[in-house]
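These notes concern the structure reproduced below.
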Amino acid sequence: MNKLYFGFIIFILSITSCNSRYKKETDKFNYYLLNMFGENIPQSRMDYILIGQFNCAGCVQRILIDISNKLKNENNDSITVITFDLDKVPYNLKEKVKVLLDENAKYENIFSIANVAIVKTNRGKIMDVKIINLDDIELKH
């Protein structure tokens, strides 16, 4: 009976440990969103596109134009761009997604970003963080 109970405890711990992969980042990012914009990470799926201060301007521009071209709808409620400079975001992308300005790029205190990163969230948690290169734009909407 003890082996069965012990096995069950190990199983439960392994399931809960998988959910905390980005726990520290989730807590910090949620705190950041609340203090900067009065928002929380939503329960529904949301992709945050973060533009790094350390960037290749041409690379960032091309990545953001490619992302915009992949978005079919005029309004994509599940995508938010956070940038330190509104001029970095192409007009056609601004028309399709929510754009938030953080002139001090405080999000870089949470994530190391070169060029562009996508923070994928769901159920109020960060599920994945991906640095985007020109050849692997991963938004699928």
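Please treat every number below as a calculation from the coordinates, not as lab data. Just so we're clear, the structure is a prediction, and the values are computed from it rather than from any experiment. Virtual Cβ from ideal backbone geometry, glycine too; neighbours counted across all protein chains shown.
For this structure, a couple of remarks:
- Descending Cα extents along the principal axes, region 16-121, whole Å: 39, 29, 26
- Placing dummy labels 7 Å off each Cα toward the beta-carbon, the span from N109 to N73 is 3.3 nm.
- For K88, the lysines whose Cα comes closer than 16 Å to its Cα, not counting residues fewer than 8 places off in the same chain, are K96, K98.
- Neighbour counts of other Cβ atoms within 10 Å put Y32, Y107, Y48 in the fewest-to-most order Y32, Y48, Y107.
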